[in-house]
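Peer 1: Got a structure for you, written out below as structure tokens; questions coming shortly.
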Amino acid sequence: MISFTWDWSYAIRVMPVLIDGAMVTLKATAAGTVIAVFGGLLFALLRRSGNVFVSKSAGFFVEFIRSTPLLIQIYFVYYILPEFGIRMTPFLTGVISLGLHFSSYMSEVYRAGIDGIPRGQWEAGISLGMTKLRIFKDIIVPQAVPPVIPAMGNYVISMFKETPQLSAITVLEMMQAAKIIGSEEFRYLEPVTMVGVIFLALSLGAAYCIKLLSRKLPMQGIPMK
């Protein structure tokens with residue numbers, strides 16, 4: 001019989017297991033964020049390529065990822081790719097799936113930031129004899145990133161909240177740990193509630209840090225040495 005009476009002793013006893021699960025959740029989010037940040041920038045630049053095939057292919061990939069559920073993508077990478085000889089651990093599968101999924105959203109954020117840079121900035125770089133790559137690296141990106149930090153941060157928090165989907169491929173993240181604990185003694189109230197509180201606390205903390213970061217970065221661009 002499932003109990004709906006809060007038991008503090010039970011909550012304290014299972015907390016270490018939930019903390020271990022939280023560490024897996026944070027690691028997956030951190031690694032996925034790295035992929036999403038750099039992958040998003042790559043897709044944004046590829047979509048601006050002068051080569052029609054490259055720009056159209058990148059655009060199709062981004063729209064395909066954005067238009068399909070994350071869970072289906074996780075299943076595809078974990079169960080379908082091994083048929084073609086590509087095998088990865090559940091954790092690596094989850095990280096790559098999260099990273100690629102949110103890189104498609106990050107690319108649109110980058111594109112909005114880049115499109116907001118006045119055309120004169122490009123022309124100034126060209127007049128100085130700078131290469132297109134250097135113009136992007138030293139002029140465009142440093143000015144495009146600060147204004148979109150809040151939007152990027154929102155996607156990082158969304159990624160954090162999507163990590164429970166990794167339990168579908170046996171990744172022992174926080175929610176999966178709570179479900180296992182609850183099934184052992186048929187007590188779900190404490191573990192699930194604590195997981196919710198942890199998600200809430202970490203999400204609010206991350207949102208506050210992102211807000212501070214966006215305030216500290218100069219909106220006119222990051223000064224380059």
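Since every read-out is calculated from the coordinates, none of them should be taken as a lab result. All figures in this text were calculated on a predicted structure; none of them were measured in a lab. In this analysis, Cβ positions are derived from the backbone assuming ideal geometry, glycine residues included, and neighbour counts consider all displayed protein chains.
Peer 1: With a Förster radius of 35 Å, plug the Cβ-Cβ distance of residue 122 and residue 79 into 1/(1 + (r/R0)^6) and report the FRET value to the nearest 0.05.
Peer 2: 0.20
Peer 1: Classify region 8-127: rounded, prolate or oblate, from the alpha-carbon gyration tensor (a ≥ b ≥ c, eigenvalue square roots; a/c under 1.5 rounded; otherwise prolate if a/b is larger than b/c)?
Peer 2: Taking the square roots of the gyration eigenvalues as a ≥ b ≥ c, region 8-127 is oblate.
Peer 1: Given an 8 Å cut-off on Cα distances and at least 6 residues of separation, report the relative contact order of the chain as a percent. Could you put the intermediate results ahead of the total?
Peer 2: Numbers: 250 pairs, mean separation 70.2, N = 225.
It comes to 31 percent, rounded to a whole number.
Peer 1: GNM on the chain, C-alpha springs below 10 Å: top fluctuator among 136, 61, 84?
Peer 2: 84
Peer 1: List the residue ranges in the chain for DSSP H helices whose C-alpha atoms run 18 angstrom or more along the long axis and whose Kyte-Doolittle average is 0.5 or above.
Peer 2: Span-like helices in the chain: 8-47, 52-66, 90-115, 141-162, 189-216.
Peer 1: Could you work out which residue, out of 131, 33, 25, moves most in a Gaussian network model of the chain, that is, has the largest mean-square fluctuation with Cα springs under 10 Å?
Peer 2: Maximum fluctuation in the GNM of the chain, among the listed residues, is at 131.
Peer 1: Something else now. When Lys and Arg each count +1 and Asp and Glu each count -1, what net charge do the other residues less than 13 Å away from residue 70, Cβ to Cβ, add up to?
Peer 2: Residues close to residue 70 contribute a combined charge of +1.
Peer 1: Taking residue 179 as the anchor, which lysines have their alpha carbon closer than 20 Å to its alpha carbon, excluding any fewer than eight residues away along the same chain?
Peer 2: The reachable lysines, counting only those whose Cα sits under 20 Å from residue 179, are 27, 161.
Peer 1: So what is the 222 nm mean residue ellipticity for the chain from helices alone, if each DSSP H run of at least 4 adds -39500 (n - 2.57) and you divide by all residues, rounding to the nearest 500 deg cm²/dmol?
Peer 2: Values: 9 runs with 162 residues, N = 225.
Mean residue ellipticity, 222 nm, calculated: -24500 deg cm²/dmol.
Peer 1: Additional query: Tell me, how many Å apart are the Cα centres for region 26-65 and for region 66-114?
Peer 2: Rounded to whole Å, the Cα centres lie 11 Å apart.
Peer 1: Over the chain, with a Gaussian network built from C-alpha contacts below 10 Å, which listed residue (69, 118, 164) shows the highest mean-square fluctuation?
Peer 2: The residue that fluctuates most here is 118.
Peer 1: Within straight cross-link reach of residue 56, meaning Cα distance under 17 Å, which aspartates and glutamates are found once same-chain residues fewer than 8 apart are removed?
Peer 2: 108
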